[in-house]
1. Looking at the structure I just gave you, is ILE82 surrounded by 14 or more Cβ atoms within 10 Å (Cβ to Cβ) and in a helix (DSSP H, G or I)?
2. When you look at ALA40, is it out of contact with any helix residue (DSSP H, G or I) (no Cβ under 9 Å at 6 or more places or on another chain), free of Cβ contacts under 8 Å to residues at least 24 places away in the same chain, in a helix (DSSP H, G or I) and of a type in the set (Gly, Ala, Ser), yes or no?
3. Answer with yes or no whether ASP175 is over 21 Å from GLY56 (Cβ atoms), acidic (Asp, Glu) and either touching a Phe, Trp or Tyr at 6+ places or on another chain (Cβ under 7 Å) or touching a residue at least 24 places away in the same chain (Cβ under 8 Å) (or both).
4. Can you pull out the residues in region 85-128 that are over 19 Å from VAL173 (Cα atoms), in contact (Cβ under 8 Å) with a residue 60 or more places away in the chain and surrounded by 20 or more Cβ atoms within 10 Å (Cβ to Cβ)?
5. Considering only residues that are buried (at least 18 other Cβ atoms within 10 Å of the Cβ) and either over 18 Å from LYS18 (Cα atoms) or within 11 Å of the ligand (Cβ to nearest atom) (or both), which ones fall in region 68-79?
Amino acid sequence: MRIILLGPPGAGKGTQAKRLTDKYGIPQLSTGDMLRAAVAAGSETGLRAKAVMDAGGLVSDAIVNQIVADRIREADCSKGFILDGYPRTVPQAVAFAENMKASGLRLDAVIELKVDEEALVGRMERRVAETVAAGGTVRADDNPESFRKRLAEYREKTAPLSAHYQKEGQLVVLDGMAEMDAVTDAIGQVLEKA
Ligand code: ADP
């Protein structure tokens, strides 16, 4: 099962991806997590990405395309994967399609979680409050200014992916404002048909 989850920051992609991981035994590939790991490890990629990420901008297509191309060739991806946060631009989607084709792989589903924008800032603030309450470290880009920039980047560069995958006949749009369990059920139904 090879799945792409689309949706703005705070749409619930990460939550749903984790559930799919448990259900299908395939890994969640979050480019955000991979980039944060590169930052934490102090790798060259991490050093280059950090400032852009903290400000809520997008890391270059070349960097993320390479990270994903390497990752999907690892052994734990042989049965599939859930992409969360990639592709994020139309050029990334084009590069990813070429990459999949070269490996003889095909996508099973592209699922977009649609969410009202006004709800997203509230979700981010709740995530920050929960993280603080649990004694965790708040993401450097989970502050109002960077979050606004992330939403603007989404609108400008990622939202056009819906039309792109629609044209390819691969897009399914689900209501990301529904209860978490209802969203999980809806995704399950889509994947049964895929
Ligand atoms: P979000 O909750 O905003 O979707 P992510 O954890 O997916 O957060 O990503 C955090 C940051 O990592 C992004 O704002 C961006 O700087 C960088 N990033 C993640 N995935 C990509 C990608 N596919 N292309 C470019 N930048 C990315």
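Read-outs: derived from the displayed coordinates by stated rules, not from any lab. Please read all numbers here as calculations on a predicted model, not as lab measurements. Glycine also receives a Cβ, built like all others from the backbone with ideal geometry; neighbour counts cover every protein chain displayed.
1. no
2. So ALA40 fails the test.
3. yes
4. Scanning region 85-128 gives a single hit, MET124.
5. Residue satisfying the conditions is VAL68 alone.
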